[in-house]
Amino acid sequence: MIAAALLLAAALVAQDAPPMVVVHEDETIRHEPPPHGAIGMSTAYRISDHAPQPRTMEFRKRVLHPGAAIGLHPIAHDEVYYVVSGAGDVTSDGVTQRVTGGMAAYLYEGATVGIRQLGAEPLVLIIAYPVARE
């Protein structure tokens, strides 16, 4: 672990990205209300936050607990919600569709989007999108 940290620090000093960063989700876990409305509770895994800059994408896992939702919000980039398990209703620009394990919703730049957990089982999502443009 120390050797990996030293390699990462050396890469950051040199302003070069390392050949790879391996992150275990347990290192990133946070219990918090979901974004965009704080509807219910969730477990967040901000995996890409552990990769040094510069990086061009965000990669996150979020578990929406029963009754939770990522509220409707506009997106300034394409975004993917991949459902690992559970069920939910994903909405994009007023169109709502049911998603379950093994399904992905590809959401387009400029849309207003959100997703709501359904049923007794938590909704486990992988969410990927580009880093915000500056």
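Observations on the model:
- In the set (1) more than 18 Å from Glu25 (Cα to Cα); (2) touching a His at 6+ places or on another chain (Cβ under 8 Å), Ser42 fails one condition alone, (1).
- Entry remark, region 43-100: residues being outside any loop (DSSP other than H, G, I, E, B) and not basic (Lys, Arg) number 36 in total.
- Residue within region 113-124 that is touching a residue at least 40 places away in the same chain (Cβ under 8 Å), farther than 16 Å from Pro34 by Cα, of a type outside the set (Asp, Glu) and out of contact with any Asp or Glu (no Cβ under 6 Å at 6 or more places or on another chain) present: yes
- Candidates Gly88, Gly67: the one that is touching a residue at least 40 places away in the same chain (Cβ under 8 Å) and more than 14 Å from the chain's Cα centre (by Cα) is Gly67.
The numbers here are math on the coordinates, done by the rules we state, and not lab data. On a predicted model such as this, the values are computed, not experimentally measured, just so you know. Note that we place each Cβ from the backbone using ideal geometry, even for glycine, and neighbour counts take in every protein chain shown.
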